[in-house]
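So the structure is just underneath, and the comments pick up after that.
The values are calculated or read from the model by the stated rules, or taken from the named source; none is laboratory data. For clarity, every value in this text was computed on a predicted model and none was experimentally measured. Reconstructed Cβ throughout: ideal geometry from the backbone, glycine too, with neighbour counts over all protein chains shown.
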Amino acid sequence: MKSHRQPVSRVAGFLFISCLLGTVISAQSLLPSRVLDLSAADGTKLKATYFAAGKPGPGVLLLHQCNRQRKVWDALAQQLAAAGINVLTLDYRGFGESGGDRFDKLPQEKAAQVIGEKWPGDIDEAFRFLTSQPGVRHDLIGVGGASCGVNNSVQMARRHPEVKSLVLLSGSTDLSGRQFLRSSKLPVLFSVADDDEFPPTVQVTEWLFTITSNPGKRLLHYANGGHGADMFPVHPEFGRNRGVVHDHPNQDTRKCTSGHEYPCYSSRNIYFGPDRPARRSGEGHADA
């Protein structure tokens, strides 16, 4: 007789996503958070907030979009902590209360250097802090990211096999990240809204959903909600009752309506690469 038990890693991976979709906590249940300073390898101070669950449970690292800072996650992080999930949020260097040159003032070449050479180590330091906290279960780790945090989250999962699930909001990832999504078996929840302030994000998010290999992947597609974590105040239920949910592995998402290749508004080549989607002329998505 065949066992119907799911592999531990798969169960662990879906735990964060399930809690995210179903968590509605009263204000009386919210736990206090702790603001802290982390030190990057070069001594730069990185500001973070830790939302402890107060009991053993999963750990989640949340990575903000580049038009916001870590506090955009506060309400969600408090609810996840009250539901038993330990959460860490981080200001990237150059953002919010973290040290470093202000990111929005950097020349494009310098900004790309910071993203490629500094952010991975900074985020790894945050990950080390999270996993070192008492009660955080190393077999139940999730990462969530919005906009530029999508690529940061996917790269985290590439570097750390302890990551068991991803939540990716309104963003894309580079070629190495897309190759990872094609081959990885991690459960992934995507979400995007039609009124996103960066219109190409809708098509790109749908494309990532299409190429992701895990059969349990989900796409929550809203008519409104804005960009990235801005969706949470608009949709506090985040998918329990509203939004178009695509969760069948072979279900098509909406095709690009422009009739052309997905637009590229990123100067850092996040959207274009040798695996970019085909033109809408019968070939379908270039997801091989």
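Annotation note: of Phe103, Phe14, the sole residue that is at pLDDT below 95, surrounded by 16 or more Cβ atoms within 10 Å (Cβ to Cβ) and under 21 Å from Ser170 (Cα atoms) is Phe14.
Would it be correct to say that Thr253 is hydroxyl-bearing (Ser, Thr, Tyr), at pLDDT below 95 and surrounded by fewer than 17 Cβ atoms within 10 Å (Cβ to Cβ)? Against the criterion (hydroxyl-bearing (Ser, Thr, Tyr), at pLDDT below 95 and surrounded by fewer than 17 Cβ atoms within 10 Å (Cβ to Cβ)), Thr253 does not qualify. For segment 197-208, indicate whether the set of residues that are at pLDDT 50 or above and of a type in the set (Phe, Trp, Tyr) is non-empty. Within segment 197-208, one or more residues are at pLDDT 50 or above and of a type in the set (Phe, Trp, Tyr).
Hey, does segment 158-176 have a residue that's more than 15 Å from the chain's Cα centre (by Cα), at pLDDT 95 or above and more than 25 Å from Pro58 (Cα to Cα)? Checking segment 158-176: at least one residue is more than 15 Å from the chain's Cα centre (by Cα), at pLDDT 95 or above and more than 25 Å from Pro58 (Cα to Cα). Among the residues making up segment 187-238, those that are under 13 Å from the mean Cα position of the chain (by Cα) and either among the polar types (S, T, N, Q) or assigned to a loop (DSSP other than H, G, I, E, B) (or both) are Pro187, Ser191, Thr205, His227.
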